[in-house]
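As structure tokens, the structure follows; a few thoughts come after it.
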Amino acid sequence: MAERRGNWDKAEDDLPVYLARPGTADQVPRQKHGGLFCSVEGAYESKTIDFDALSVGQRGSRTPRTTKRDTGLEARSPASDCKSSSPRLERPAASRDSARVEIRAAAGKEVLQNLPDEKSDRLLIKGGRIVNDDQSFCADIYMEDGLIKQIGDNLIVPGGVKTIEANGKMVIPGGIDIHTHFQMPYRGTTTVDDFTQGSKAALAGGTTMIVDHVIPEPGSSLIEAYDQWRQWADEKACCDYSLHVDVTHWNDSVKQEVNTLIKDKGVNSFQVYMAYKDYYQMSNSELYEIFTFLAENGGIAQVHAENGEIIAEEQARMLQMGITGPEGHVLSRPEELEAEAVFRAITIASQTNCPLYVTRVMSKSAADIISQARKKGNVVFGEPITASLGTDGTHYWSKNWAKAASFVTSPPLSPDPTTPDYLNTLLASGDLNVTGSAHCTFSVAQKAIGKDDFTQIPEGVNGVEERMALIWDKAVTSGKMDENMFVAVTSTNAAKILNLYPRKGRIAVGSDADLVIWDSDSVHTITAKTHNSAAEYNVFEGMELRGAPLVVICQGKIVLEDGTMHATSGVGRFIPCSPFPDFAYKRVKARKQLAVLRAVPRGMYDGPVSEFSPMSRGGTPSASARTSPTKQPVRNLHQSGFSLAGNPAPRGPPTPDDIPIRPAGRRIVVPPGGRSNITSLS
Amino acid sequence: MLCCIQIFPFIGYRGPALSKSERLLIKGGRVVNDDQSLYADVYIEDGLIKQVGENLVVPGGVKVVEAKGQMVIPGGIDVNTCLMKPYLGTQPVDDFLQGTKAALAGGTTMIIDHVTPQPGDSLLEAFEHWQEAADRKACCDYSLHVDIPQWHGGVKEELELLVQEKGINSFQVYMAYKDVFQMTDTQLYEAFSFLKELGAVVLVHAENGDLIAQEQRKILSMGITGPEGHPLSRPEELEAEAVFRAITLGNRVNCPVYITKVMSKSAADTVTQARRKGSVVFGEPITASLATDGSHYWSKNWAKAAAYVTSPPLSPDPTTPDHLHTLLACGDLQLVGSAHCAYSVSQKAIGKDDFTLIPEGTNGIEERMGFVWDKAVAMGKMDENQFVAVTSTNAAKIFNLYPRKGRIAVGSDADIVIWDPDRIKTITAKLQQSALEYNIFEGLECRGGPSLVLSQGRVVYEEGKLQVQQGAGRFIPRKPFPDYAYQRIKFRNQVQHGVSRGMYDGPVYDVPSTPKYITPAPSAKTSPTSHQPPPIRNLHQSNFSLSGAQIDDNVPRRSGHRIVAPPGGRSNITSLG
């Protein structure tokens, strides 16, 4: 194997990069160990992208190619076996480098805002199997200062480091819950899970980063709302967080604010609403403008996709029929309204060439629309949530009002019991990309605001804690999905969309030390009695899930161990997201260059023009007769002006540049002073 | 042996009998209906089919037409024409006389024209105006659709009157033409609901007008003012999107939806998929979308490019006509219109500096049947029975004219065409009946055409010669609730019931009164920095549990639970849970 690598490396030196590998003519010795699918040691290094930009104070980081060549050359002498140490031989030097950097420079400490005791920051995970979205391999991980410093076997680490024995268990990047509503204000109250409670629940479930939605009141400032959320979260969050900002109204000043948020505030995703008529809902024209603006500035357009106008009509109809309980919620928001809005959003996004992100994919038909659009090449991402992946909407018909109400969320859970399975399948196949929880918990008393009118029930379900385990149970243990895809949908893809990759969402040197040791065999039963959320109910009550986090490491510190939490509120940092994430924008950029429209160069039309009464207002093109229809048609004036009739006789179908031959005897109305362009050009 | 196909004791409105003495026998033809073909003679008297069969006993002195084994088919029905649609004070060059002449020459013996009132006009007056003009000029039977330019309360009365007394059962609504004809989703929902109660068919012009307006602004600002701006600003996605939305609305309201002018593959596919899911939806491709494509918008000849301008635009994808024919053949699209709306070049030139002002419309009334034959039947995609279905029978069924129209049977109107499948004709503006100076199908060869056309029992077209009588066309009234569209709808009108459950009597969070009614949504009325109400959850945290994931779960209460019972009653929620 070492020889093989050596060959490649030589070839790489001679040939242009794009020819290097496939062009190698040398005979490649057959690989002896493990065959095609064995883990190739050292392969992960080449995946490690240049971290110079990201890692603070890490001098020893190298570009993949150099690292690779070094290891390749060095690896020739020692006999490489499956636990080959060839890449590691060179490692210690790098690690010592970085260690020195840490000791000397204060730069390393700045990253760890709220960690006064640095001693406990050093952590070694031994004997784990690292699972990234692209591959799994066995290696140890050494962390320091909240960053991953080394990965490999037989690491040389300073003494006195706390060591965790993983015993062959999976070590995965911490989950990223891309959709939460912690501490969300609602009619004078807030959701019962604030940032402390919510992020604790997140950590308990193996999620080490959340992305919360900032929801400004329509008419109020986006930046003020953003600052408010920042303040709340900075005070209380136990894990790193980032923010989406919802655009609840649209005008030029909002445009300015969105621009500022993208440029200066580290927000790259903005949610718009197609539902909530007369409140949050945006018209198609506004959506078009917002999407155009976001596409120019590198933002991701998130949509809450439901047809608000039809919902309003249906709600009125349900109430009129005397249906006031929670079942009215799902009856007035059937899944086809979700599918319709998804279709429309995709159309608008494709017109404006803007990447689209559909939040809360709750039904099969909506998911189908997304996967069809992806097959047609649209840049669209779908986010099913914990609830839609784990339960269904039959509970809306529960005789227990409070139970039924606890499931109320929008779009509603589909009453079709096959939905969760279907969505898990699409998640496994890559048609849906990320998972959120849309965790938004209200107490029963708060839900009871709508006890006489389902339209008043505050919307939201729990799910931040259950998200990872539920996907593991429903998709991985059922054989739909492999562990790498599991990492992709729970963490990596979210990081890519938010442009945080590879800082988050990957176990690699230089990445943040947000890790989870995942126990794929533990079985636990979900119940409101033991969950970490403050809500009195749990929509997954009684569900048995296989798979759970054993140890959760957040910012390089152990926050969950043996079922005990050590979360500290306020340690969560705001992670700014930069615009133009490659995952979404690479294709968009390429298409922008292609989609340049050009006018057809043709001479002026100078034939006769029929008289017409001009439109009084500048409307869009349409028939709008100001005169009465009884007016004499004017066509006789020009009837024989000229003809486009070609030679009647033997001619094929007209080509675009067909030449109409003017029949003899036709008058041409020539404008004074020029020949008729139309005939000269034609 | 007298072999009758079918007997329909048909009693209906009859216009003035213009052709009383006309007795006619078609001998030796092959009668083709939408369900079967058979060799039979057809005897016609007083504009009606009196006998169908072999060896008919007929009175002496009857004019005999020898069909010589050619097909005898029901006359075509063109469900979409605009022969009087005003545009900025001008009118199409083909009026009811010119237009119906062209129709008859192409084998179409009935048209359904669109009454297009302007916003603010009375629908009833517009209808009467159209009817009066058509009665004066039309050479073949006709009926009318009425377009609803604006939705408001006052329209409802007129619609009711039109349906109940005037014999109109189809109305068109627009999802395009922002600020003029376009309706919002809410208005569409109301219009659909109301028209469904009346038993009418809702015709939808499906394009997303909001986005078109945006795109037009963008295209014009890029300096594109020629006809190519028309398809660029109306990409087919916008058509598909609107079709999808219209179908969703139709499903919610439980109302049949009829998509006029299916111009693109994606729109047709959307219709197909919806039909697979059981939606009651009909799709109508038009002559232009079946026979040509949108590449001509890029022609260097402005007038030629402008001639193709219609909405939704012809798709620039050259495989579109083939695809639409395939869907027609398999029944996913049901009928063919022409959307014939003929504006002369000088009228089109109103938009010479701005493509958004070009009057929209293409020709196609005369070529309609020929192209379906040429591109679908002669290519082996479609059989002759399906040909009859898509050109005539389905239209008669959807608009409740069947079996008076759209079928050769005893008692039906004698609108008959003898079809020559081998006739080859090259389309040219020089030889057309239409008054236009161009033809968008110029130079195309078309196999198949009528050799003889009977309208109301009279020969109106024979061997290339028209013998029409102006004003002979009768208005054919149509009844609401056509079975073809409404039978399924009736079964689906079930009522949903709420869940009967006890009142919730647990604690309720006190909501500060909001000034206006809002739809359910998170709404922070208090400033975020102001004092937060203490989290109330601790008060109730252990009040009751929802444990158990079953619908009617019977989980025993945990011991040690306090239940806050309201004074004077036990808590319903726990008794039910």
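Nothing in this text is a laboratory measurement; each read-out follows from the coordinates by a stated rule. The structure presented is a predicted model; accordingly, all values stated were derived computationally and were not measured. A quick note on method: Cβ atoms are made from the backbone with ideal geometry, for glycine too, and the neighbour counts reach across all protein chains shown.
Brief remarks follow.
- Cross-linked pairs B:K375/B:K479; A:K126/A:K162; B:K85/B:K300; B:K27/B:K381; A:K162/A:K557: Cα-Cα separations exceed 22 Å for B:K375/B:K479; B:K85/B:K300; B:K27/B:K381.
- Segment B:72-493, dipole about Cα centre (Lys/Arg Cβ +1, Asp/Glu Cβ -1), debye to the nearest 20: 700
- For peptide B:236-247, the mean count of partner chain Cβ atoms within 10 Å of a residue's Cβ comes to 4.
- Ranked list, fewest to most other Cβ atoms within 10 Å of each Cβ, for A:D194, A:D521, B:D505: A:D521, B:D505, A:D194
- Interchain or long-range residues, amide H under 5 Å from A:I553's placed H: A:L515, A:V516, A:I517, A:V559
- Taking packing as the residue-averaged number of other Cβ atoms within 10 angstrom, the listed peptides B:248-258, A:339-349 run from highest to lowest as A:339-349, B:248-258.
- Neighbour counts of other Cβ atoms within 10 Å put A:H179, B:H296, B:H323 in the fewest-to-most order B:H323, B:H296, A:H179.
- Distance between modelled label sites at A:T394 and B:S193, nm, 7 Å Cα→Cβ extension: 3.2
- A Förster distance of 30 Å, applied to the separation of the beta-carbon atoms of A:D453 and B:F491, puts the FRET efficiency at 0.45.
- Where labels lie 7 Å past Cα in the beta-carbon direction, separation of B:V499 and A:S285 in nm: 4.3
- Our estimate of slack between A:D562 and A:Q256, defined as 0.36 nm per intervening residue step minus the Cα-Cα distance, is 105.3 nm.
- Distance between the 7 Å Cα→Cβ label points at B:K68 and A:S371: 5.9 nm.
- DSSP finds beta bridges in segment B:72-493, and of those with both partners inside it, around 40 percent are antiparallel.
- Counting only other chain Cβ atoms within 10 Å of each residue's Cβ, the peptide A:340-349 averages 5.
- Here the calculated FRET efficiency for A:D134 and A:T477, from their Cβ-Cβ distance with R0 = 22 Å, stands at 0.55, rounded to the nearest 0.05.
- Applying both filters, DSSP loop and at most 11 other Cβ atoms within 10 Å, to the chymotrypsin sites (Phe, Trp or Tyr not before Pro) of segment B:141-197 eliminates every site.
- Separation between Cα centres of segment B:242-262 and segment B:389-419, rounded to whole Å: 26
- Over 23 Å (Cα to Cα) - which of B:K137/B:K397; A:K589/B:K261; B:K397/B:K425; B:K156/B:K397; A:K375/A:K592; A:K265/A:K504 fall in this group: B:K137/B:K397; A:K589/B:K261; B:K397/B:K425; B:K156/B:K397
- Cβ-based charge dipole, segment B:199-314, positive-most Cα from B:A288, B:V257, B:P231: B:V257
- Remark: relative contact order (segment B:72-493) = 23 percent; criterion is Cα-Cα distance under 8 angstrom and separation of 6 or more residues.
- Peptides B:485-494, A:379-388, B:118-127 ordered by average Cβ neighbours within 10 Å, highest first: A:379-388, B:118-127, B:485-494
- C-alpha center-to-center spacing [segment B:101-116, segment B:466-514] in angstrom: 31
- Order of B:R501, B:R404, A:R333 under a 10 Å beta carbon neighbour criterion, fewest first: B:R501, B:R404, A:R333
- Peptide A:450-457 shows a mean partner chain C-beta count of 3 within 10 Å per residue C-beta.
- For segment B:309-379 and segment B:33-82, distance of Cα centres in Å: 30
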